Amino acid sequence: MAHGLGSIMVLALALTVAWAADHSPLQDFCVADITGQVQVNGFACKNPNGVQANDFYFSGMHMMGNTSNRLGSSVTPAFVFQIPGLNTLGISLARLDFAPWGLIPPHTHPRATEILTVLEGQIEVGFVTSNPDNRHISKVLNKGDVFVFPVNLVHYQRNVGNMNAVAMVALSSQNPGVVPIANVVFGSNPDISTDVLAKAFQVSDDIISNMQVKF
């Protein structure tokens, strides 16, 4: 009886480990049916007989993004919405463009680790570890340097030079998601109550109201 119970426990542990990882593909590909009506975790597959080369293709990573905005930065994504063939593959790409001193502000990717390589310029990068340490780990990168941002940790990128900067990032999800910290806190819809934020940030209601107007 004890031997049988032990076998069951080992099997349960093995299944738990298997379920904790991504499922192995059961077919060559599952091109996303972006406009389909079926609701699943991700996207349902298009009929493979109708799949074309363009389902695995994206053009434009050679083009500079528009950085004429308040932040002086631009992101050109190549996610499942741009490349339906990425569906279920757990990988995506994006180009980051920075005007001089441009910033991609603190944010998280709830579903992906990110790895960045600098193509041009000098970029300051950093992330903050989780509570209670809240350790800020940062570094200034130069052309050819690579840096990793662990999944779901708050991180940022900033051009620290007087020339344009460019980076490419790869992410471990076809749909990594993005949570810009300032936008979600001060620009939620509907607003988070000013008294909640005022107490959280230990400032006056007026300061919170002024911040909410910006977002």
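Quick test for you: out of 96, 119, pick the one residue that is of a type in the set (A, V, I, L, M) and under 16 Å from the mean Cα position of the chain (by Cα).
Sole residue among the options that is of a type in the set (A, V, I, L, M) and under 16 Å from the mean Cα position of the chain (by Cα): 96.
Go through the range 35-65 residue by residue and tally those that are open to solvent by 70 Å² or more (accessible area, probe 1.4 Å), in contact (Cβ under 8 Å) with a residue 12 or more places away in the chain and closer than 30 Å to residue 182 by Cα.
Number of matching residues: 2.
Within the range 78-105, count every residue that is outside any loop (DSSP other than H, G, I, E, B) and buried (at least 18 other Cβ atoms within 10 Å of the Cβ).
11
Pick from 111, 70: which is basic (Lys, Arg), closer than 24 Å to residue 183 by Cβ, open to solvent by 80 Å² or more (accessible area, probe 1.4 Å) and over 18 Å from the mean Cα position of the chain (by Cα)?
On the way: 111 fails: over 18 Å from the mean Cα position of the chain (by Cα).
It is 70.
Does the range 1-40 hold any residues that are at pLDDT 85 or above and closer than 13 Å to residue 89 by Cα, and which are they?
Passing the criteria: 27, 28, 29, 30, 31, 32.
Kindly indicate the residue of the range 123-164 that is open to solvent by less than 50 Å² (accessible area, probe 1.4 Å) and touching a residue at least 60 places away in the same chain (Cβ under 8 Å) and also farthest from residue 180 (Cα to Cα) among those meeting that condition.
The extreme case among them is 161.
With respect to residue 174, determine if the residue is farther than 30 Å from residue 44 by Cβ and at pLDDT 95 or above.
It is false that residue 174 is farther than 30 Å from residue 44 by Cβ and at pLDDT 95 or above.
Every residue, every condition in (1) under 21 Å from residue 76 (Cβ atoms); (2) hydrophobic (A, V, I, L, M, F, W, C), yes or no:
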site	(1), (2)
130	no, no
135	no, no
142	no, no
151	no, yes
170	yes, yes
173	yes, no
176	yes, no
207	no, yes
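The values are calculated or read from the model by the stated rules, or taken from the named source; none is laboratory data. Please read these numbers as outputs of a predicted model, since none were measured by experiment. Note: ideal-geometry Cβ built from the backbone for every residue, glycine included; neighbour counts use all protein chains shown. Quick note on the areas: whole protein, heavy atoms, side chains included, nothing else; ligands and nucleic acids left out. Shrake-Rupley method; radii C 1.70, N 1.55, O 1.52, S 1.80 Å.
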